[in-house]
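The values are calculated or read from the model by the stated rules, or taken from the named source; none is laboratory data. Owing to the predicted nature of the structure, the values given are computational and were not obtained by experimental measurement. Cβ sites come from the backbone with ideal geometry, for glycine too, and all protein chains shown count toward neighbours. Just the protein is used for accessible areas: all its heavy atoms, side chains included, with ligands, DNA and RNA removed. Shrake-Rupley method; radii C 1.70, N 1.55, O 1.52, S 1.80 Å.
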Amino acid sequence: MRRLPLLAIPIGVLIAAGAAVLYLGFGVNPFSGGLPDPVVVSSTRETTPTATPTPPPTPSRTPSPTPEPSPPERYQLAIEARDRGELRLAASELALIADSSSPLAPFAAFRRAQVLIADEKYAAGVEAFIFALGRPTLPATLHPIARIEGAAALRELGDRDAAMDWLTIAITDPETSAGQAASARWERAQLALASDDPGWTDDALALIAQSPGHPVTARALDALEAGAIEVPPLQAAYVRYLARENVRAVVRYQSILDDDPDAATAGVAWFYLGALAEREPDR
């Protein structure tokens, strides 16, 4: 092929060819002000989206059952329920322990009886105390408490005779403390007094002689004085002194001195009058 000399090619052709090279080789459009055109890449090949793999299904798991509380845990839950005032729940929890072989069973039976009575379920409470008293491992020191509280429930049920029997057992029980015996005596005296049984004075006088400092004894003395029942003067004065009923005690001891007692009795009266004078007057 013959090559034409460069000078033989018309200048217009050269300019047009140069513009084509610039446009095609470097992406610059000579008619666009010198700015590069956006490069558009086109493809006739369709892209298939990649499918996201589906994870295998998680096998279902049956939730583990909540373990049953141990007897000590259940006992604690019952006491907490009782303290919140949820007495039925407390009684139900305690019943589960009382019917078990746990060492806590007799104590749970005892507490359940108390909870039932607090919930005014008196008949059920008495039955629960009978059940508790029948457990050989219930400490003997709890027997008097069960008898006294059970007697109170029986009184609410109107069963005076049964209540008197329970109180008598409590009073004569060697495990009964002096304070418990005093409470039981006063309860028995009140039951007898309410039914016009003159035997109430025996318990009231026994309280004054044996438990002069117990809180119920001053009440027993009030009942005796209201019934014009004679009470040994020094014993009556001492009950008032221990109850810190200072004015009434002074009257009692002064009355003893006014009756011209023997020397021993007068000495006791003068001693306690002096002790009362050392107290700040309160009533």
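Can you tell which of 130, 97 is farther than 29 Å from residue 201 by Cβ, assigned to a helix (DSSP H, G or I) and touching a Pro at 6+ places or on another chain (Cβ under 6 Å)? Lay out the reasoning, then the answer.
Values: 130 fails: touching a Pro at 6+ places or on another chain (Cβ under 6 Å).
Residue meeting the stated conditions: 97.
Say whether the condition of being under 20 Å from residue 234 (Cβ atoms), surrounded by 19 or more Cβ atoms within 10 Å (Cβ to Cβ) and at pLDDT 95 or above is met by at least one residue in the range 179-195. Write out each step before concluding.
Of the range 179-195, the ones under 20 Å from residue 234 (Cβ atoms) are 182.
Narrowing the set further to residues that are surrounded by 19 or more Cβ atoms within 10 Å (Cβ to Cβ) leaves 182.
Checking which are at pLDDT 95 or above leaves us with 182.
Checked the range 179-195: at least one residue is under 20 Å from residue 234 (Cβ atoms), surrounded by 19 or more Cβ atoms within 10 Å (Cβ to Cβ) and at pLDDT 95 or above.
For residue 226, indicate whether it is within 30 Å of residue 180 (Cα to Cα) and among the hydrophobic types (A, V, I, L, M, F, W, C).
yes
All but one of (1) at negative phi; (2) more than 16 Å from the chain's Cα centre (by Cα); (3) at pLDDT 75 or above hold for residue 53; state the number of the condition that does not hold.
Residue 53 satisfies all of (1) at negative phi; (2) more than 16 Å from the chain's Cα centre (by Cα); (3) at pLDDT 75 or above except (3).
Residues in the range 147-168 that are open to solvent by 40 Å² or more (accessible area, probe 1.4 Å) and among the small types (Gly, Ala, Ser): how many?
Of all residues in the range 147-168, those open to solvent by 40 Å² or more (accessible area, probe 1.4 Å) come to 147, 149, 155-161, 165, 168.
Narrowing the set further to residues that are among the small types (Gly, Ala, Ser) leaves 158.
Residues meeting the conditions: 1.
Any idea which residue in the range 117-139 is farthest from residue 91 (Cα to Cα), counting only those that are of a type in the set (A, V, I, L, M, F, W, C) and open to solvent by 50 Å² or more (accessible area, probe 1.4 Å)? Don't jump to the end; show me each part of the working.
Taking the range 117-139 first, the residues of a type in the set (A, V, I, L, M, F, W, C) are 117-118, 123-124, 126, 128-133, 138.
Within this subset, residues satisfying the condition of being open to solvent by 50 Å² or more (accessible area, probe 1.4 Å) are 118, 123, 130-131.
Working: 118: 10, 123: 14, 130: 16, 131: 14 Å.
Looking at residues that are of a type in the set (A, V, I, L, M, F, W, C) and open to solvent by 50 Å² or more (accessible area, probe 1.4 Å), I get 130.
Taking the condition of being assigned to a helix (DSSP H, G or I) and farther than 18 Å from residue 139 by Cα, how many residues in the range 158-173 meet it?
8
Exactly one condition in (1) without any contact (Cβ under 8 Å) to a residue 24 or more places away in the chain; (2) under 36 Å from the mean Cα position of the chain (by Cα); (3) open to solvent by 40 Å² or more (accessible area, probe 1.4 Å) is not met by residue 171; state its number.
Answer for residue 171: the failing condition is (3).
At pLDDT below 95 and surrounded by 14 or more Cβ atoms within 10 Å (Cβ to Cβ), is that true of residue 71?
Details: at pLDDT below 95: yes; surrounded by 14 or more Cβ atoms within 10 Å (Cβ to Cβ): yes.
For residue 71, the condition - at pLDDT below 95 and surrounded by 14 or more Cβ atoms within 10 Å (Cβ to Cβ) - is met.
Take the range 147-168 and flag every residue that is over 27 Å from the mean Cα position of the chain (by Cα) and aliphatic (A, V, I, L, M).
157, 162, 163, 164, 167
Being without any contact (Cβ under 8 Å) to a residue 12 or more places away in the chain and either in contact with a Gly (Cβ under 8 Å, 6 or more places away or on another chain) or crowded, with 16+ Cβ neighbours inside 10 Å (or both) is the requirement here; does residue 89 meet it?
Numbers: without any contact (Cβ under 8 Å) to a residue 12 or more places away in the chain: yes; either in contact with a Gly (Cβ under 8 Å, 6 or more places away or on another chain) or crowded, with 16+ Cβ neighbours inside 10 Å (or both): yes.
Criteria met by residue 89.
Could you grab me the full set of residues in the range 196-205 that are surrounded by fewer than 15 Cβ atoms within 10 Å (Cβ to Cβ) and either touching a residue at least 60 places away in the same chain (Cβ under 8 Å) or assigned to a helix (DSSP H, G or I) (or both)?
Of everything in the range 196-205, just one residue is surrounded by fewer than 15 Cβ atoms within 10 Å (Cβ to Cβ) and either touching a residue at least 60 places away in the same chain (Cβ under 8 Å) or assigned to a helix (DSSP H, G or I) (or both), namely 202.
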